[in-house]
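Asks: Questions regarding the structure given below will be posed in turn.
The values are calculated or read from the model by the stated rules, or taken from the named source; none is laboratory data. Bear in mind that the values here come from a model prediction, so they are computed numbers and not experimental data. Here the Cβ positions follow ideal geometry from the backbone for every residue, glycine too, while neighbour counts run over all protein chains shown. What goes into the accessible areas is simple: the full protein's heavy atoms, side chains included, and nothing from ligands, DNA or RNA. Shrake-Rupley method; radii C 1.70, N 1.55, O 1.52, S 1.80 Å.
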Amino acid sequence: RVFGKAGRADTATDPAPLEMFETTIQFKPRSEWRIGMTPDKLVEELDAAVKVPGLSNIWVPPIRNRIDMLATGIKSPVGIKVSGADLAEIDRIAHEIEAAVKDVPGVTSVFAERLTGGRYIEFEIDRDAIARYGLTVGDVQDVLSVALGGMPLTTTVEGLQRYTVNLRYDRDFRSDLDSLKHDIVIPTPTGAQIPLGELATIKVVDAPMEIKTEGAVPNDWVYVDIRDIDVGTYVQNAMHAVNAAIADGRIQLPPGYNLFWSGQYEYMLRAKERLLMVVPLTLLIITLIIYLNTRSLLKTAIVLLAVPFSLVGAFWTLYLLHYNLSVAVWVGIIALAGLDAETGVIMLLYLDLAYDEWKQKGLMRNLADLRDAIYHGAVKRLRPKIMTASVIIAGLAPILWSHGTGADVMKRIAAPMVGGVITSTISVLVVYPAIYYLWRSRAYNNSNTRRNSVSVL
């Protein structure tokens, strides 16, 4: 099903200009899609099929579109806001920015709103003329509003639906300027019918279709739709292109006119500021908890070695799935860090138990005994670790193939955890025993050195 809307609704929550056309497409069930079809491929085919001269396509899910419009007003992933005093100057700058960023890699469409592209019928009422006929400005304006815009008379109720019944002049009386001048008449108090052309000057003028303001300053918006690139990388490249265009004169930015990068880029900056606090704080809390459990800085460092090993698998998984870094990905990485610390502590506990057991029994005599003790402790942890990793992967893997509501967010949370658990399991089972052996073997190397020194003396 396809539903189209032109113009804007009579509400403050829909800041859409008159030249905006919204087309809502409801897809068929996925079982009826062609084999191999994905939402991204579907958007590519739609973008290739819907090519209208003078219009730019921006493909946005309806719910996200509404949220973006209410939050920043920009429905595309990236938006550039140009603010200043003069509308014509703002419109010129926006057009120059559109030309500068359209060739940046990753762009699918760029559209700068046309501030001065509206065509309006302007009536200049001749006050001397209406005074001669005993009319007021309000009398003329009332006739104009009914003739062109219509006057609501009543509302008809059809079941659950309600329709307003309007009254206005027939199209023949308002189809062109000559009809407006001669066919629309104004009644006077004396009963005479005076043509509108004798009481007002009628002409067509260019004017803005919409005037946006932020901070009491008019501005214009440039919508940028991107694909196959993350927002942060594109904005950096686009900023470089805009700055280069300003430097070589392709963009003339007079004093008092400013550029603001908006859209999802604003969300990214806010998320980045929070992550700069959340991620270090999370690692600090994990480190503190591990230290309180082990009472050893060296053991804490050994346990935390699982985190970089798990990040290897996490980032490889993101690369293979073509996922960019996002808030959801960082949430998955934070959860992965806690999981790695837990498994690292348990492995270290098993190795310590095996080491202490062999030492109490007097079996810890040389490096070979140390190797056997570590092997014994690591083997005990083999089955629980593999079971834990298998359960985690089996529980998260179905999310990677899901297509329901919220699946895009959940996939980016689960992907780094799945890849990180795989490499973390390998590192805990293979690398941890080796590191533990290097740590404990120092005591035996020192004791052998002391014995050799005594024998030489």
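Asks: How much length would be gained if the chain were fully extended between residue 284 and residue 47, taking 0.36 nm per residue of separation minus their Cα-Cα distance, in nm to one decimal?
Replies: 80.6 nm
Asks: Hey, any idea what the orientation-averaged projected area of the convex hull of the stretch 272-320's Cα atoms comes to, in nm²?
Replies: One quarter of the hull surface, i.e. the mean projection, equals 4.0 nm².
Asks: Just subtract the alpha-carbon distance of residue 34 and residue 375 from 0.36 nm times their residue separation and send over the number in nm, one decimal.
Replies: Fully extending the segment from residue 34 to residue 375 adds 117.4 nm.
Asks: Could you work out [θ]222 nm for the chain from helices alone, using -39500 (n - 2.57) per DSSP H run of at least four and dividing by all its residues? Round to the nearest 500 deg cm²/dmol.
Replies: That comes out to -17500 deg cm²/dmol.
Asks: Calculate the spin-label point distance for residue 122 paired with residue 229, positioning each point 7 Å from the Cα along the beta-carbon direction, and give it in nanometres.
Replies: So the two model labels end up 4.1 nm from each other.
Asks: Chymotrypsin sites (Phe, Trp or Tyr not before Pro), restricted to the stretch 341-403: which are DSSP loop and have at most 10 other Cβ atoms within 10 Å?
Replies: Details: sites: 350, 355, 358, 375, 401; in loops: 401.
Answer by residue number: 401.
Asks: With +1 assigned to the C-beta of every Lys and Arg and -1 to the C-beta of every Asp and Glu, and no other charges, what is the dipole magnitude of the stretch 237-382 about the Cα centre in debye, to the nearest 20? Don't jump to the answer; show the numbers that get you there.
Replies: Numbers: 12 positive and 10 negative charges, 43 e Å.
The dipole of the stretch 237-382 has a size of about 200 debye.
Asks: Using a simple spin-label model with points 7 Å from Cα along the Cα→Cβ vector, what separation in nm is obtained for residue 312 and residue 198?
Replies: Going by the 7 Å Cα→Cβ label model, 9.4 nm.
Asks: Using a cut-off of 15 Å between alpha-carbon atoms, which aspartates and glutamates can reach residue 181, once sequence neighbours fewer than 8 places away in the same chain are excluded?
Replies: Answer for residue 181, where 15 Å is the Cα cut-off: 122, 124, 126, 170, 172, 198, listed by chain and number.
Asks: Follow-up. How large is ³J(HN,Hα), in whole Hz, for each residue of the stretch 91-105 in order, when computed from phi with the Karplus curve 6.51 cos²θ - 1.76 cosθ + 1.60 and θ = phi - 60°, using x for Gly and Pro?
Replies: My calculation for the stretch 91-105 gives 4, 5, 5, 4, 5, 5, 5, 4, 5, 7, 9, 5, 9, 5, x Hz in order.
Asks: Helix 231-247 sits at what angle to the longest principal axis of the chain, using alpha carbons and giving 0 to 90 degrees rounded to 10?
Replies: So the inclination is approximately 60 degrees.
Asks: Just checking my list (i) 37.9; (ii) 30.2; (iii) 28.4 against mean projected area of the Cα convex hull in nm² computed from this structure; which label fits?
Replies: Matching the structure shown: (i).
Asks: Putting +1 on Lys and Arg Cβ atoms and -1 on Asp and Glu Cβ atoms, find which of 332, 296, 375 reaches farthest to the positive end of the dipole of the stretch 271-383.
Replies: So the residue we want is 375.
Asks: So which aspartates and glutamates can residue 385 reach, going by Cα to Cα under 20 Å and dropping same-chain residues fewer than 8 places off?
Replies: 340, 342, 352, 372
Asks: Whenever you get a sec, compute what percent of the accessible area on the stretch 107-173 sits on carbon and sulfur atoms (1.4 Å probe). Walk me through the numbers before you get to the answer.
Replies: Values: 2260 of 4540 Å².
Ligands and nucleic acids excluded, carbon and sulfur give 50 percent.
Asks: Can you list residues from other chains, or at least 5 along the same chain, whose modelled amide H is less than 5 Å from the amide H of residue 186?
Replies: Answer set, sorted by chain and number: 194, 196.
Asks: Under 19 Å from the Cα of residue 75, which lysines turn up, not counting those fewer than eight places away in the same chain?
Replies: 5, 102, 212
Asks: Among 245, 179, 278, whose Cα sits farthest toward the positive end of the charge dipole of the chain (+1 at Cβ of Lys/Arg, -1 at Cβ of Asp/Glu, about the Cα centre)?
Replies: 278
Asks: For the chain, what is the accessible area per residue in Å² when the probe is 1.4 Å?
Replies: Dividing the accessible area of the chain by its residue count gives 59 Å².
Asks: Report, in debye and to the nearest 20, how large the dipole of the chain comes out about its Cα centre when Lys and Arg carry +1 and Asp and Glu carry -1 on their Cβ.
Replies: Using only the charged Cβ atoms, the result is roughly 3720 debye.
Asks: To the nearest 20 debye, what charge dipole does the stretch 1-110 have about its Cα centre, counting +1 at the Cβ of each Lys and Arg and -1 at the Cβ of each Asp and Glu?
Replies: On the way: 14 positive and 16 negative charges, 123 e Å.
Approximately 600 debye in magnitude.
Asks: I'd like the orientation of helix 264-294 relative to the chain: the angle between its Cα long axis and the longest Cα principal axis, in ° from 0 to 90, rounded to 10.
Replies: 20
Asks: Which loop-located trypsin sites (Lys or Arg not before Pro) does the stretch 274-340 contain, where loop means any DSSP state but H, G, I, E or B and the Cβ has at most 12 other Cβ atoms within 10 Å?
Replies: 295
Asks: Note the angle between two axes, namely the Cα long axis of helix 407-426 and the longest principal axis of the Cα atoms of the chain, as a number of degrees from 0 to 90, rounded to the nearest 10.
Replies: 20
Asks: When the chain is fully extended, how far beyond the present Cα-Cα distance does residue 146 get from residue 211, taking 0.36 nm per residue of separation?
Replies: 20.8 nm
Asks: At 7 Å along the Cα-to-beta-carbon direction for both residue 321 and residue 240, put a label point, then send me their distance in nm to one decimal.
Replies: For the pair residue 321/residue 240, the computed spacing is 2.9 nm.
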